[in-house]
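In what follows, a single structure is set out as structure tokens and then discussed.
The values are calculated or read from the model by the stated rules, or taken from the named source; none is laboratory data. Here the structure is a predicted model, which is why all the values come from computation and not from measurement. Backbone-built Cβ (ideal geometry, glycine too); neighbour counts: all protein chains shown. Just the protein is used for accessible areas: all its heavy atoms, side chains included, with ligands, DNA and RNA removed. Shrake-Rupley method; radii C 1.70, N 1.55, O 1.52, S 1.80 Å.
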Amino acid sequence: QSALTQPASVSGSPGQSITISCTGTSSDVGSYNLVSWYQQHPGKAPKLMIYEVTKRPSGVSNRFSGSKSGNTASLTISGLQAEDEADYYCCSYAGSSTPFGGGTKLTVL
Amino acid sequence: QLQLQESGPGLVKPSETLSLTCTVSGGSISSSTNYWGWIRQPPGKGLEWIGSIYYSGSTSYNPSLKRRVTISVDTSKNQFSLKVSSVTAADTAVYFCARQDIVVVVAATFLDWFDPWGQGTLVTVSS
């Protein structure tokens, strides 16, 4: 069982916005602004999309944004595109460890 | 740019030890600004952090795997390695290595994001 809880799946139509949640505890997400998000297409290595809750690496579309409230972090993708269909994972510092969430499959309808 | 490449046997027998190496190119493994991590993904399942190491040899491990896992670093070869002992079919997975950024605040180190990642290597545990 993952230390961080994500919905198993979310879906949206092209052009819409979706949000993926990542719920932890006061020992991880709630205590540190060290949440990162990864996109993984089938058969590929994960790709960093968001780090330190809200920061976007160079080259990542500004359609991707991150936020946090209490023990829950969120990844929002606006203007959904077919290429956004993938698995998404959150990760948080948790006191000398860095567990991942269980992952969320995003389907673009 | 920085690149990582995993290498090692693709097939390991049950009860034996799984050994993998990650070779870092395009940068030094002796960087003071990051750790080096191992993450695995069983077929059809999610990502699991295994552990991370600093160039000095300081390590952090997933508590659920700590008893069976050893991560080491060889700065002369710009490599770091993973050993998982007493493997079972549940250890069958794609194993990734990655650079892990850190945040240092008043001598305390906090593990942060992973980037870049290696392409991953599938290790199957079977007799």
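What to note about this one:
- Share of carbon and sulfur in the accessible heavy-atom surface of chain A [1.4 Å probe, %]: 44 percent
- Other protein chain Cβ atoms within 10 Å, averaged over every residue that makes up A:36-43: 3
- Heavy-atom surface of the stretch B:2-127, accessible at 1.4 Å and reported per residue (Å²): 45 Å²
- Cysteines in chain A lacking a second Cys C-beta under 4.7 Å: A:C91
- Mean Cα-pair separation over length for the stretch A:13-90, i.e. relative contact order, pairs under 8 Å, 6 or more apart, %: 41 percent
- Residues in the stretch B:84-127 that, when all protein chains are in place, have 50 Å² or more less accessible area than the chain alone would give (probe 1.4 Å): B:F110, B:L111, B:D112, B:W113, B:F114, B:W117
- The ellipsoid that matches the Cα gyration tensor of chain A has semi-axes, each √(5λ) in whole angstrom, of 22, 14, 13, with the longest given first.
- Kirkwood hydrodynamic radius (C-alpha pairs) into Stokes-Einstein, chain B, 4 °C and 1.567 mPa s, D in µm²/s: 88 µm²/s
- Rolling a 1.4 angstrom probe over the protein heavy atoms with all chains in place gives chain A an accessible area of 43 Å² per residue.
- Estimated distance in nm for a label pair at B:S19 and A:S11, the labels positioned 7 Å out from Cα along Cα-to-Cβ: 4.8 nm
- Within chain B, longest stretch clear of exposed trypsin sites (Lys or Arg not before Pro) (DSSP loop, no more than 12 other Cβ within 10 Å): B:78-127
- Net lengthening on full extension, B:T33/B:Q1 (0.36 nm per residue, minus Cα-Cα): 9.9 nm
- Projecting the Cα atoms of B:T70, B:V24, B:L4 onto the charge dipole of the stretch B:1-78, computed from C-beta unit charges around the Cα centre, puts B:T70 farthest toward the positive end.
- Taking 7 Å steps out from each Cα toward its Cβ at B:L65 and A:S61 produces label points 3.2 nm apart.
- Convex hull of alpha carbon positions in the stretch B:1-43: directionally averaged projected area 4.3 nm².
- Surface burial for B against A, with a 1.4 Å probe and both sides summed, reaches about 1600 Å² of accessible area.
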